[in-house]
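Right, one structure below, let's go through it.
The values are calculated or read from the model by the stated rules, or taken from the named source; none is laboratory data. Keep in mind the model is a prediction, meaning the values are calculated, not measured. Glycine also receives a Cβ, built like all others from the backbone with ideal geometry; neighbour counts cover every protein chain displayed.
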Amino acid sequence: MPLVKGGKIVSDTYAGLADDAELASGGNVLMSAARFLADPAALAVRSGQTGVVWPNNRDIDDLVPHLAEIAVVALVFPSFRDGRAYSQARLLRERHGYRGELRATGQVLRDQFVFMLRAGFDTFDVRKESDAKAFAQVAERYSVFYQPTGDGRATAFRQRLARQAEVTGS
Amino acid sequence: MYAYDEIDRTLVNERVSEFRDQVQRRLSGELTEDEFKSLRLMNGVYLQLHAYMLRVAIPYGTLSSPQLRKLAHVARRYDRGYGHFTTRQNIQYNWIKLSELPDALEDLAAVGIHGMQTSGNCIRNITTDQWAGVAPGEIEDPRIWAEILRQYSTLHPEFSFLPRKFKIAITASDHDRAAIKIHDIGLRIRKNEQGETGFEVLVGGGLGRTPFIGKTIKQFVVHRDILSYVEAILRVYNQYGRRDNIYKARIKILVHELGIEKFAQEVEDEWLQMRDGVLALDDAVVEDIRSRFSYPAYQKLSDNPDEMKAASADPRFAMWLGNSVAPHRVTGYSIVTLSLKPVGMPPGDATAEQMDAIADLADKYSSGEIRVGHEQNLALPNVAKRDLPALWRALDKIGVATPNVNLITDIIACPGLDYCSLANARSIPIAQELTKRFADPDLANMIGKLHINISGCINACGHHHVGHIGILGVEKNNEEFYQITIGGRADEQAEMGTLIGPAVPYADVADVVEDIVEAYLALRARPDETFVETVKRLGVTPFKERVYATR
């Protein structure tokens, strides 16, 4: 599946690590939350980067103490209809200040890109090649946003007040 | 009226262009029907028994005359010349072609209306009292807050894939015309001791197969905090609401399973971490929204003008006046309800010609404004009393002056098996038959206030649980049967109705309702004891005995 990062299709430098596979010192790996939590200290001796696939039914509070050691958090959309990971993403970004890579995985389709960007995702494990290719265009489809999120886009409420201020010169 | 600005219009246009692309991808086969389903649902497009159905939002039930004309245009150009007003301040078109849907939405976008937030598991169209802004005694115009919530909820990036749909309603009057207690979140505007506006917040109301009356989760949330508090509720629900079973996925089940205290604590914990964040509403934002609602320049007029005195000699006018005209907060003005429940017709339908004519009458007599209520009627909110006789004649001519508002023939009904793929039984023909049985206006008046609600299946779109008489279609051995409840109500004293006994076949429903009404007329303590009051006083037993004595 194509990976989109920074708006472009890129090759994935992370390899999935099975729960029973040996953890090598080098190389970038993505491991399950269960494996990670079983021995978080194992990361300390690694030279490669580590990412964690966090399920959407597990409280992210369990992940928060370890955020500094993790390079990628991959959140899961088992179906595009299951929106729990949007809340997890916003909490990681906006409440816990996570600045590493936030990856959307699972059934990631083009019509969710804007929602995902707004929730703080920056990397997308896209299901379909055609959706991945359309990413840049789809991401720019909207220019108006009503809700403030951590993505920093000005909301309609704020845009209006700014315009008024311009008009009145205040 | 609320005036959309460039920002609001841009969003609606961007949405239409996105939907056009989605329809194109579906027609080309790039999208499967399953993938397309959630996309079309996010634009109000359902697949019904016979065709695609388009549901268009009428936020907080307020329409301008150009908007109503555009709804008429869509009915005429893309549908079969009529539209159906629903119980949630939406209008539905039942016969639109998929390939023409983007054009229909583009036409609607030209007047700032759209199908966003009318379907799918998102925050649905925000509803309120259809008399908002004009009702006497109202604390303040709830539409300001409905509009703030409309903007907040539209294409919300976190809450567009909730466990299930999510409905919010607001009222600012003691008498609740918005049915807030049967919504996922109900908001009742109040003032605190300092005179600040805020909200009593109710949560977990809803009908469907597991009906609940909403419970108060917080007595008072000051207006500055309303968005953060709503977001806290939604975030708890998004994470912990059940997704394993569609029938247990509404927030009412989560509230019920956790208990209101535990749920309230979860919300409080979440809210305290964000209440001072970006969602805190400052006065400038609220004032900006408020400033874009315009109100007519009311004149100083008589409450009892000569025109009205002269016309009152006509008993038909007098009957309509007594039934369909309500007091306005400004002296000399009235709120006029337009009954979309003529004898023998489907409740809530209006033809393109009627919509055009009503738009013209709104321009002439009601400052260009029309309202839509959850009872599936329309209203003209700003009519000078001296214009009532002329308005009545015009409304009568187009068939929307049936003097049956709040009476037994003012029936709320879902589309039922005539249109809906979920239905087990027909609703519309039951309603039509009942309007014929009780067509005599003197009889209906003598019976007094009585709401009949009909749903064609357990999903309860006709709100049968809260009908004074509720009728629920079920299927038994491939035949249509109907369960009858009595004593329900949707207002500030909301309550679920009680089942009177075994379901009855289609052909018996109207007879059963007649029996119930006859029992009521015999049992009521005085002529002004309403049906629900009699049921409350006596319970269901005497009604049950009457209905089943001969069955």
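Data overview
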| read-out | value |
| --- | --- |
| Answer from B:G473, B:G467 - the residue that is under 21 Å from B:V517 (Cβ atoms), outside the structural domain of B:R209 (by TED's automatic domain parsing) and either surrounded by fewer than 19 Cβ atoms within 10 Å (Cβ to Cβ) or within 18 Å of the chain's Cα centre (by Cα) (or both) | B:G467 |
| The one condition in (1) crowded, with 16+ Cβ neighbours inside 10 Å; (2) away from chain A (no Cβ under 13 Å) that B:A249 fails to fulfil | (2) |
| Residue list for segment B:142-185, filter: among the charged types (D, E, K, R) and either part of a loop (DSSP other than H, G, I, E, B) or facing chain A (nearest Cβ under 9 Å) (or both) | B:R150, B:E158, B:R164, B:K165, B:K167, B:D174, B:D176, B:R177, B:D184 |
| Residues of segment B:405-438 that turn out to be among the small types (G, A, S), at pLDDT 95 or above and over 18 Å from B:F85 (Cβ atoms), as a count | 1 |
| Qualifying helices (runs of 4 or more DSSP H) (wholly inside segment B:1-104; at least 2 residues being of a type in the set (D, E) and within 12 Å of chain A (Cβ to nearest Cβ)) | B:6-27, B:33-41 |
| Candidate set: segment A:112-135, residues that are more than 26 Å from A:R95 (Cβ to Cβ) and more than 9 Å from chain B (Cβ to nearest Cβ); chosen: the one surrounded by the most Cβ atoms within 10 Å (Cβ to Cβ) | A:V126 |
| Filter result (touching a helix residue (DSSP H, G or I) at 6+ places or on another chain (Cβ under 9 Å), of a type in the set (V, I, T) and more than 19 Å from B:P381 (Cβ to Cβ)) within segment B:59-94 | B:V74 |
| Residue in segment A:95-111 that is nearest to B:F161 (Cα to Cα), counting only those that are within 8 Å of chain B (Cβ to nearest Cβ) and assigned to a helix (DSSP H, G or I) | A:D111 |
| Out of B:I471, B:I458, sole residue that is in a loop (DSSP other than H, G, I, E, B) and among the β-branched types (V, I, T) | B:I458 |
| Selection from segment B:299-357 of residues that are among the hydroxyl-bearing types (S, T, Y) and modelled with pLDDT of 95 or more | B:S302, B:S324, B:T331, B:Y333, B:S334, B:T337, B:S339, B:T351 |
| Every residue from segment A:55-73 that is crowded, with 22+ Cβ neighbours inside 10 Å and either in a strand (DSSP E or B) or not assigned by TED's automatic domain parsing to the domain that holds A:Q112 (or both) | A:V73 |
| The lone exception for A:G152 - which of (1) among the small types (G, A, S); (2) touching a residue at least 12 places away in the same chain (Cβ under 8 Å); (3) assigned to a loop (DSSP other than H, G, I, E, B) it fails | (2) |
| Hits in segment B:264-280 - residues which are within 13 Å of another protein chain (Cβ to nearest Cβ), in contact (Cβ under 8 Å) with a residue 12 or more places away in the chain and either hydrophobic (A, V, I, L, M, F, W, C) or crowded, with 20+ Cβ neighbours inside 10 Å (or both) | B:E270, B:W271, B:M274, B:L279, B:A280 |
| Selection count, segment B:304-343, where residues are assigned to a loop (DSSP other than H, G, I, E, B) and either of a type in the set (S, T, Y) or surrounded by 13 or more Cβ atoms within 10 Å (Cβ to Cβ) (or both) | 13 |
| Test for A:V138: is it over 16 Å from the mean Cα position of the chain (by Cα), within 9 Å of chain B (Cβ to nearest Cβ) and not in a helix (DSSP H, G or I) | no |
| Test for B:Y229: is it away from chain A (no Cβ under 14 Å), buried (at least 21 other Cβ atoms within 10 Å of the Cβ) and among the hydroxyl-bearing types (S, T, Y) | yes |
| Complete set of residues in segment B:48-82 that are in contact with a strand residue (DSSP E or B) (Cβ under 8 Å, 6 or more places away or on another chain) and over 17 Å from B:G112 (Cβ atoms) | B:Q48, B:H50, B:A51, B:Y52, B:M53, B:A75, B:Y78, B:D79, B:R80, B:G81, B:Y82 |
| Whichever residue in segment A:68-92 is closer than 19 Å to B:M274 by Cβ and hydrophobic (A, V, I, L, M, F, W, C) and, among such residues, is farthest from the chain's Cα centre (by Cα) | A:L91 |
| Matching residues in segment B:477-505 - criterion: being aliphatic (A, V, I, L, M), assigned to a loop (DSSP other than H, G, I, E, B) and in contact with a helix residue (DSSP H, G or I) (Cβ under 6 Å, 6 or more places away or on another chain) | B:A490, B:A494, B:M496, B:I500 |
| Set A:L161, A:L67: member being over 21 Å from B:M42 (Cβ atoms), in contact with a helix residue (DSSP H, G or I) (Cβ under 9 Å, 6 or more places away or on another chain) and more than 10 Å from chain B (Cβ to nearest Cβ) | A:L67 |
| Scan of segment B:506-526 for residues that are assigned to a loop (DSSP other than H, G, I, E, B) and either modelled with pLDDT under 95 or aliphatic (A, V, I, L, M) (or both), ordered by number | B:A525 |
